[in-house]
């Protein structure tokens, strides 16, 4: 029988991990999430991760962290090295959804690119417009996005409503729009590998 596995994930990945769990029948996988809004305060993420890991020590055969570096300057990796826990590779979720080579191509083609995933398209107003006060002060647009030229929607699903939301976000930010369908990318690849490699009891 497979041993118990815990994935501690950024809340921005919750839907994707649940979808993969259902797709592959990973009934022995549990997930606990940390609020995605902490991306606005990345210095708090490593401590929250460490607390989650320690709270669950001894309750699972394996713990895996579904975070990239997420702007913590290596602090997540230092915590995980101390706790002997692995995480997803990469600097941010855009990179591991698009794939490292494809993301590099997109970045090289237009450095002034703002990226959306399904999660960010779904929560654009809550996580971008309101925190930056762009709804009430549209004149701040140039202060935040004056150096951007393009918005790229890196989609995980083929949801036409999310595509409309992403296009609307590009219009609100006055950016050119491009859609790149990625699926679950490195997230799927690494979770599959982790589930295959994990010990069985």
Practice item. Could you list, in sequence order, all residues of segment 4-20 that are farther than 16 Å from residue 37 by Cβ and part of a strand (DSSP E or B)? Key: 5, 6, 7, 8
Exercise for review: Evaluate segment 182-193: report whether one residue or more is surrounded by 18 or more Cβ atoms within 10 Å (Cβ to Cβ) and at positive phi.
Suggested key: yes
Practice item. Check segment 136-152 and report whether any residue there is over 19 Å from residue 92 (Cβ atoms) and touching a strand residue (DSSP E or B) at 6+ places or on another chain (Cβ under 6 Å). Key: no
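Residue 110 - would you say it is touching a strand residue (DSSP E or B) at 6+ places or on another chain (Cβ under 8 Å), modelled with pLDDT of 95 or more and surrounded by fewer than 17 Cβ atoms within 10 Å (Cβ to Cβ)?
Numbers: touching a strand residue (DSSP E or B) at 6+ places or on another chain (Cβ under 8 Å): yes; modelled with pLDDT of 95 or more: yes; surrounded by fewer than 17 Cβ atoms within 10 Å (Cβ to Cβ): yes.
So residue 110 fits the description; yes.
Tell me yes or no: at least one residue of segment 31-44 is over 18 Å from the mean Cα position of the chain (by Cα), farther than 21 Å from residue 118 by Cβ and either outside any helix (DSSP H, G or I) or not assigned by TED's automatic domain parsing to the domain that holds residue 119 (or both).
Checked against the condition, which is being over 18 Å from the mean Cα position of the chain (by Cα), farther than 21 Å from residue 118 by Cβ and either outside any helix (DSSP H, G or I) or not assigned by TED's automatic domain parsing to the domain that holds residue 119 (or both), segment 31-44 yields no hits at all.
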Check your understanding: Is one or more of the residues making up segment 157-165 farther than 30 Å from residue 21 by Cα and in a helix (DSSP H, G or I)?
Key -> no
Review point. Out of all the residues in segment 67-82, is one or more closer than 15 Å to residue 156 by Cβ and in a helix (DSSP H, G or I)?
Key: no
Review point. Looking at segment 28-42, which of the residues that are modelled with pLDDT of 90 or more and in contact with a helix residue (DSSP H, G or I) (Cβ under 8 Å, 6 or more places away or on another chain) is farthest from residue 7 (Cα to Cα)?
Key: 35
Review point. Can you tell me how many residues in segment 114-156 are part of a loop (DSSP other than H, G, I, E, B), within 13 Å of residue 172 (Cβ to Cβ) and in contact with a helix residue (DSSP H, G or I) (Cβ under 9 Å, 6 or more places away or on another chain)?
Key: 4
**Study point:** Residues located in segment 1-30, provided they are in contact (Cβ under 8 Å) with a residue 12 or more places away in the chain, within 19 Å of the chain's Cα centre (by Cα), surrounded by 17 or more Cβ atoms within 10 Å (Cβ to Cβ) and over 19 Å from residue 52 (Cα atoms)
**Key:** 16, 20
Review point. Residues in segment 93-100: is at least one out of contact with any strand residue (DSSP E or B) (no Cβ under 6 Å at 6 or more places or on another chain) and closer than 17 Å to residue 7 by Cα?
Key: yes
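The values are calculated or read from the model by the stated rules, or taken from the named source; none is laboratory data. All values reported here derive from a predicted model rather than from experimental measurement. FYI the Cβ positions are ideal-geometry reconstructions off the backbone, even for glycines, and counts take in every protein chain you see.
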